[in-house]
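To start, the structure under review is shown below, and the notes come after it.
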Amino acid sequence: MIQGVIFDFDGTLFDSNYVWATAGERFFQSIGISPKPNLQEEIRTMSLYQSACYIREEHNLSLTVEEIMEGINQTVEDAYFHEVQPKSSVIPFLHALKAAGIRMCIATATDRYQIEAALRRCDMLYFFDGIFTCSEVGHGKDEPIVFRKAMESLGTDRGNTVIFEDALHAVQTAKADGFLTVG
């Protein structure tokens, strides 16, 4: 019997993956410049710092790397504070879980303040008993630590805790650690 559910946020609860996929382009729009073609493909695997360095060099910008990083962060933040929405059928599903007495929390790679802002704006914060971020835990989803911490907070065990996740590597990590997973 399921007693706890751990949800990923981006792409699982909220339709927000596009924010990350278009952050560079959105930054350019915010400063009134057209990016070179295929920008997102070029920076897709880079860190924020690497992306800012690449953007500065490739577009010959007078902005500092720090200013570019701040600009990209601001475009992402704006989306979480004003734009991203839950995926269809998420809210009724959360209501059903809550009514069944199933405890829920979130394990995410996104910063807490952004997640909380989106949940608060959409009146969904009350569904969750906790939010666990990879940065706060100090481990990515290539390790099971964030899932274990979330499970501990729910007071459940692997046999009755389900993880809903959209990233294949995170599903593989959770499954290898003995969790029930839903992709």
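The values are calculated or read from the model by the stated rules, or taken from the named source; none is laboratory data. Owing to the predicted nature of the structure, the values given are computational and were not obtained by experimental measurement. Methodologically, a virtual Cβ is constructed for each residue, glycine included, from the backbone with ideal geometry; neighbour enumeration extends over all protein chains shown. Heads up: the accessible areas ignore ligands, DNA and RNA and are worked out on the full protein's heavy atoms, side chains in. Shrake-Rupley method; radii C 1.70, N 1.55, O 1.52, S 1.80 Å.
Per residue, how large is the accessible surface of the range 1-86? Use a 1.4 angstrom probe and give square angstrom.
Counting only protein heavy atoms, the per-residue value for the range 1-86 is 55 Å².
Counting only protein heavy atoms and a 1.4 Å probe, tell me what percentage of the chain's accessible area is made up of carbon and sulfur.
Carbon with sulfur: 51 percent of the solvent-accessible area.
Taking the Cα atoms only, what angle lies between the long axis of helix 48-58 and the longest principal axis of the chain, rounded to 10 degrees?
Relative to the chain, helix 48-58 is tipped by roughly 20 degrees.
Can you list the equivalent-ellipsoid semi-axes of the range 52-183, largest first and in whole Å, using the square root of 5 times each Cα gyration tensor eigenvalue?
32, 19, 12
Using only the alpha carbons of the range 18-109, what is the convex hull's orientation-averaged projected area in square nanometres?
Mean orientational projected area (the range 18-109, Cα hull): 7.4 nm².
Considering only DSSP beta bridges where both residues belong to the chain, give the percentage that are antiparallel (nearest 5).
If we restrict to bridges inside the chain, about 5 percent are antiparallel.
Summing -39500 (n - 2.57) over the DSSP H runs of n ≥ 4 in the chain and dividing by its residue number, what mean residue ellipticity at 222 nm do you reach, to the nearest 500 deg cm²/dmol?
-14000 deg cm²/dmol
Compute the whole-percent fraction of alpha carbon pairs in the range 1-46 spaced more than 13 Å apart.
Percentage above 13 Å: 66.
DSSP loop trypsin sites (Lys or Arg not before Pro) in the range 49-134 with at most 16 other Cβ atoms within 10 Å of their Cβ, which ones?
When the trypsin sites (Lys or Arg not before Pro) of the range 49-134 are filtered for loop state and at most 16 Cβ neighbours within 10 Å, 87 remain.
Assuming a viscosity of 1.002 mPa s and a temperature of 20 °C, what translational diffusion coefficient in µm² per second does Stokes-Einstein assign to the range 123-183, Rh being the Kirkwood radius over Cα pairs?
179 µm²/s
Hand me the tally of lysine pairs in the chain: alpha carbons under 29 angstrom apart, and the pair either on different chains or 8 or more positions apart.
Value for the chain: 10.
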